[in-house]
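Asker: Okay, handing you the structure first.
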Amino acid sequence: MCGIVGVVGNVNATKVLLNGLNRLEYRGYDSAGIYVNSQDGKPCLIKRVGRIKNLEAAVPETLSGTQGIGHTRWATNGEPTVANAHPHVSADGRFYLVHNGVLTNAQALRNEYLADVDFASDTDTEVAVQLVARFVAEGQSVKEALRKVMQLVEGSYAFALADKEDPNTIYVAKNKSPLLIAKGDGFNAVGSDALALLDQTNQFIELHDEELVVLTANSINIESIDGTPRERETYTVDVSEGDGELGAYPFHMLKEIDEQPVVMRRLLSAYAKADGSIDMPSELLDAMKQADRLYFVAAGTSYHASLAAAAIFEKMAQVPVSVNFASEFGYHIPLLSKKPFFIFLTQSGETADIRQVLVQVKKRHLPVLTITNVITSTLAREADYALSLHAGPEIAVASTKAYTAQVATCALLAKALGMHKQVAAAADWNLAHDLSLVATAQQTLVDQKETIHKFAKEMFATTRNAFYIGRGSDYFVSLEAALKLKEISYIQAEGFAAGELKHGTIALIEDGTPVVAVISDPVTADHTRSNATEVEARGGKVLHIVTAALEQKGDELVVPDVNPLLAPLVTIVPGQLLAYYASLDRGYDVDRPRNLAKSVTVE
Ligand code: M6R
């Protein structure tokens with residue numbers, strides 16, 4: 001949520017900031033702004049509401065400088081207006097600040113320290129920059145002033161601060177919100193996501209909570225909140241999995257849907273060995289073997305992936321699994337089993353709801369594995385174990401390839417755990433072969449875009465609501481397909497356990513109500529078909545998505561057969577494409593749906 005980029009040194013700061021903001025726009029796009037200390041020594045602040053292109057249009061081509069900070073915003077405090085856009089500037093015009101996160105005691109600090117200051121915005125951020133100016137005016141150095149702000153504020157923050165009287169330095173601070181330092185040749189930079197700066201360098205330094213950094217072109221000085229110096233090595237970010245460029249595609253979502261077969265194969269080469277066994281860290285398998293229950297904790301799409309994953313773990317590793325919403329679990333921890341093991345499934349690795357659970361779980365000294373697409377993320381770093389999804393950067397807000405990578409990675413881990421526990425079903429499972437079939441099946445479906453587009457037109461062109469129904473893993477896919485549809489097409493969509501419709505919700509079916517029936521489970525196929533027939537009898541318009549082995553005359557969309565445990569990896573693909581085309585045909589910005597952001601770093 002929100003993106004930060006900042007740079008100091010021998011570069012064209014304007015260019016670095018605008019490139020970085022374009023790459024970060026997926027994190028928030030209500031408004032954007034940059035501050036550049038320009039070459040002629042004049043500070044320049046430009047902010048615009050809406051997309052980065054509005055900001056770009058307002059930036060003079062001649063503007064360049066060697067120090068700058070920029071921000072793309074997802075509004076938390078205050079509406080998306082120019083006044084509320086970042087960077088915020090202190091009343092004396094000296095300090096400029098960008099901020100990700102939420103300062104929960106901003107009003108109290110304003111009352112206590114800044115009652116005499118005229119504020120220009122409704123944001124919590126402005127309190128921080130006004131406080132820096134106040135403490136500097138009282139005689140503190142800029143660094144000490146920022147440190148005092150860190151000590152006073154409550155909540156989460158990633159700050160980048162520029163002082164117009166010192167064009168050679170940027171001050172950085174972090175607590176709970178993600179922030180990285182990028183080390184360049186003749187310059188140094190800061191970003192909320194490595195992606196923002198990958199066109200400049202692949203050398204990064206992670207920051208820990210409550211750290212303050214003083215950045216110049218040639219130095220990076222990290223300190224803890226109490227002033228203790230911290231040494232930290234750089235690490236190299238691997239760009240081989242793609243750098244999130246759009247290429248010839250109109251939208252990232254379509255590109256990411258198309259990448260799914262490649263991701264399946266990449267996961268096989270990362271985790272599967274030639275002899276059919278799965279390469280997972282032995283300490284991780286030993287720890288999981290001790291567990292009497294696995295607790296998945298996740299949100300949104302990752303929660304839906306967890307549901308599919310749980311079924312695979314129960315069958316292949318013979319371990320009970322519970323799947324939990326992170327936002328509920330952290331504050332209402334249920335009675336835990338004697339030997340719980342936690343799995344945080346998260347594309348971004350930064351979801352604040354999960355971080356809250358991590359804090360609780362760590363207090364109890366319980367083991368945690370994070371499975372994430374960003375192996376350098378906070379949740380990966382702070383867990384006992386971490387596994388990568390190898391999906392490459394996922395830019396579209398609507399998650400697609402991360403979902404299928406999550407289910408596939410969990411399948412690989414479940415097989416490894418099952419073999420470690422000598423579960424016969426796991427030993428007999430030729431998962432590498434099954435995942436290859438999945439990749440081929442996904443390819444068959446992404447090659448049928450025209451057909452799926454036609455169904456999207458027939459089903460969703462004008463409707464205000466829609467249903468996806470299924471049983472077992474088809475129900476889990478229904479939840480995910482409905483989420484995709486609602487987040488980018490704004491159609492009110494529900495994923496429903498097919499058998500539950502008749503217990504109340506069928507009252508909503510009327511002439512023409514679109515209902516997609518997902519049928520891949522041989523055990524319940526006939527029951528789901530009956531539920532679909534009940535819908536049709538009440539005027540509902542049904543689209544059957546059915547695996548080849550279960551096909552019946554009149555089924556509209558037949559998908560290739562795969563191992564039923566892996567069916568979600570295939571049946572979701574038409575769901576993703578239906579949502580994509582529904583959004584496209586309604587003229588929406590598929591990649592940047594309203595009100596949402598890619599990485600949800602507030603609770
Ligand atoms: O980064 P995470 O996987 O932890 O994010 C969880 C959800 O915010 C995310 O899956 C969200 O639901 C997506 N926009 C769905 O497409």
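Asker: Across 5 Å bins from 0, what is the distribution of all Cα-Cα pair distances for segment 452-547, in whole percents?
Answerer: Calculated P(r), rounded to whole percents: 3, 15, 28, 27, 19, 7, 1.
Asker: Across segment 76-89, in residue order, what do the Karplus-derived ³J(HN,Hα) couplings come to in whole Hz, using 6.51 cos²θ - 1.76 cosθ + 1.60 with θ = phi - 60° and x for Gly and Pro?
Answerer: Whole-Hz 3J(HN,Hα) from phi for segment 76-89: 10, 10, x, 5, x, 10, 4, 4, 8, 5, 9, x, 9, 10.
Asker: Using θ = phi - 60° and the Karplus form 6.51 cos²θ - 1.76 cosθ + 1.60, what ³J(HN,Hα) does each residue of segment 441-450 get, whole Hz, x for Gly and Pro?
Answerer: Using θ = phi - 60°, the values come out as 5, 4, 4, 4, 6, 5, 7, 9, 4, 4 Hz.
Asker: Restricting to Cα pairs below 8 Å that are 6+ residues apart, what does the relative contact order work out to for the chain? Please round to a whole percent.
Answerer: Working: 1374 pairs, mean separation 71.2, N = 603.
Relative contact order, the chain: 12 percent.
Asker: Then there is this: Rounded if a/c is under 1.5, else prolate if a/b is larger than b/c, else oblate: which is segment 344-479, with a ≥ b ≥ c the root eigenvalues of its Cα gyration tensor? Numbers along the way, then the final one.
Answerer: Numbers: a/c = 2.09, a/b = 1.39, b/c = 1.51.
Since a/c reaches 1.5 but b/c is at least a/b, the shape of segment 344-479 is classed as oblate.
Asker: Quick one: pull the percentage of alpha-carbon pairs in segment 251-447 with a separation above 30 Å.
Answerer: Values: 3003 of 19306 pairs.
Counting every Cα pair in segment 251-447, those more than 30 Å apart make up 16 percent.
Asker: Roll a 1.4 Å probe over the protein heavy atoms and report the accessible area of ARG73 in Å², nearest 10.
Answerer: Approximately 10 Å² for this residue.
Asker: Moving on to the next point. How much net charge surrounds THR81 when only other residues with a Cβ under 12 Å from its Cβ are counted (Lys, Arg +1; Asp, Glu -1)? List each step's numbers first, then the result.
Answerer: Details: positive: LYS47, ARG48, ARG73; negative: ASP30, GLU79, ASP122.
Net charge around THR81: 0.
Asker: List every residue whose amide H lies under 5 Å from the amide H of GLY495, counting only residues 5 or more places away in sequence or on a different chain, with H placed 1.01 Å from N in the peptide plane.
Answerer: Here the answer is TYR468, since their amide H atoms fall under 5 Å of that of GLY495.
Asker: Amide H of LEU207 versus every other amide H placed in the peptide plane: which residues, excluding those fewer than 5 positions away on the same chain, fall under 5 Å?
Answerer: LEU179, ILE181
Asker: Now a separate question. Placing unit charges on C-beta atoms (Lys and Arg positive, Asp and Glu negative, everything else neutral), compute the dipole magnitude of the chain about its Cα centre in debye, rounded to 20.
Answerer: Working: 54 positive and 73 negative charges, 83 e Å.
That gives the chain a dipole magnitude of about 400 debye.
Asker: Can you give the % of DSSP beta bridges in the chain that are antiparallel, to the nearest 5? List each step's numbers first, then the result.
Answerer: Values: 64 of 102 bridges.
Bridges in the chain that DSSP calls antiparallel: roughly 65 percent.
Asker: Can you pull the accessible area of GLU551 for me, 1.4 Å probe, Å² to the nearest 10?
Answerer: 100 Å²
Asker: Hey, another quick one. Counting only residues 5 or more places away or on other chains, whose amide H sits under 5 Å from the amide H of ARG471 once H atoms are built in the peptide plane?
Answerer: For ARG471, the qualifying residues are ALA498.
Asker: Shifting gears a bit: How much accessible area per residue does segment 503-569 have, counting only protein heavy atoms and a probe of 1.4 Å, in square angstrom?
Answerer: Details: 2930 Å² over 67 residues.
Result: 44 Å² of accessible area for each residue.
Asker: If you take the charge dipole of segment 448-593 about its Cα centre, with +1 on Lys and Arg Cβ and -1 on Asp and Glu Cβ, which of ILE488, ALA579, PHE467 is farthest toward its positive end?
Answerer: Positive-most Cα among the choices belongs to ILE488.
Asker: Give the lysines whose C-alpha is closer than 18 Å to that of LYS183, dropping any in the same chain fewer than 8 places away, or say none.
Answerer: Of all the lysines, those that pass the test against LYS183 - Cα under 18 Å, at least 8 places apart if same chain - are LYS15, LYS174.
Asker: Same structure, new question: Against the longest alpha carbon principal axis of the chain, how many degrees, from 0 to 90 and to the nearest 10, is the axis of helix 142-152 turned?
Answerer: Tilt relative to the chain: about 50 degrees.
Asker: With angles folded into 0 to 90 degrees, how steeply does helix 352-363 sit against the dominant principal axis of the chain? Use alpha carbons for both and round to 10.
Answerer: Once rounded, one gets 90 degrees.
Asker: About the Cα centre of segment 448-593, what is the dipole size in debye to 20, counting +1 per Lys and Arg Cβ and -1 per Asp and Glu Cβ, all else neutral?
Answerer: Working: 14 positive and 20 negative charges, 50 e Å.
For this selection, approximately 240 debye.
Asker: Now for a separate question. Net charge around THR123, counting only other residues with Cβ within less than 13 Å of its Cβ (Lys, Arg = +1; Asp, Glu = -1)?
Answerer: Values: positive: LYS47, ARG73, ARG110; negative: ASP30, GLU79, ASP122, ASP124, GLU126.
Surrounding charge for THR123 is -2.
Asker: Give a residue-ordered list of calculated ³J(HN,Hα) values for segment 412-421 (Karplus: 6.51 cos²θ - 1.76 cosθ + 1.60, θ = phi - 60°; whole Hz; x for Gly, Pro).
Answerer: The phi angles translate into 4, 5, 4, 5, 4, 5, x, 5, 5, 8 Hz.
Asker: Over 19 Å between C-alpha atoms is what I'm after, so list which of LYS401/LYS484; LYS339/LYS362; LYS401/LYS421 land there. Could the numbers behind the result be given before it?
Answerer: On the way: LYS401/LYS484 12 Å; LYS339/LYS362 14 Å; LYS401/LYS421 30 Å.
Exceeds cut-off: LYS401/LYS421.
Asker: To check you understand DSSP bridge types, tell me what percent of the beta bridges within segment 251-447 (both residues inside) are antiparallel, rounded to 5.
Answerer: In segment 251-447, approximately 5 percent of DSSP beta bridges are antiparallel ones.
Asker: While we're here: If you take every residue apart from LYS598 with its C-beta less than 11 Å away from the C-beta of LYS598, what net charge results, scoring Lys and Arg +1 and Asp and Glu -1?
Answerer: In short, -3.
Asker: Among the lysines, select those whose C-alpha is under 19 Å from the C-alpha of LYS502, and discard any that sit fewer than 8 residues away in the same chain.
Answerer: LYS541
Asker: Next question, about the same structure. Can you spot the aspartates and glutamates whose alpha carbon is less than 13 Å from LYS47's alpha carbon? Ignore those fewer than 8 places along the same chain.
Answerer: ASP30, GLU56
Asker: Please report, in cubic angstrom per residue, the volume enclosed by the convex hull of the alpha-carbon atoms of segment 3-242.
Answerer: Values: hull volume 26.6 nm³, N = 240.
Cα convex hull per residue, to the nearest whole number: 111 Å³.
Asker: So what is the relative contact order for segment 3-242, in percent, with contacts set as C-alpha pairs under 8 Å and at least six apart?
Answerer: 20 percent
Asker: Which percent, to the nearest 5, of DSSP beta bridges fully inside segment 448-593 are antiparallel? Display every interim value, and only then the final one.
Answerer: On the way: 0 of 18 bridges.
Beta bridges within segment 448-593, antiparallel portion: roughly 0 percent.
Asker: Next question, about the same structure. So what is the orientation-averaged projected area of the chain, using the convex hull of its C-alpha atoms, in nm²? Provide the component values of the computation, followed by the final result.
Answerer: Details: hull surface 110.5 nm².
Computed as one quarter of the Cα hull surface, the answer is 27.6 nm².
Asker: Carbon-plus-sulfur fraction of the accessible area of the chain, 1.4 Å probe, in percent? Write down the numbers at each step before the final one.
Answerer: Working: 10850 of 22550 Å².
Summing carbon and sulfur atoms, their accessible area is 48 percent of the total for the chain.
The values are calculated or read from the model by the stated rules, or taken from the named source; none is laboratory data. Here the structure is a predicted model, which means the values were calculated and not measured. No Cβ is skipped: glycine too gets one built from the backbone with ideal geometry, and neighbour counts run over all protein chains shown. Calculation scope for accessible area: heavy atoms of the full protein, side chains included, ligands and nucleic acids excluded. Shrake-Rupley method; radii C 1.70, N 1.55, O 1.52, S 1.80 Å.
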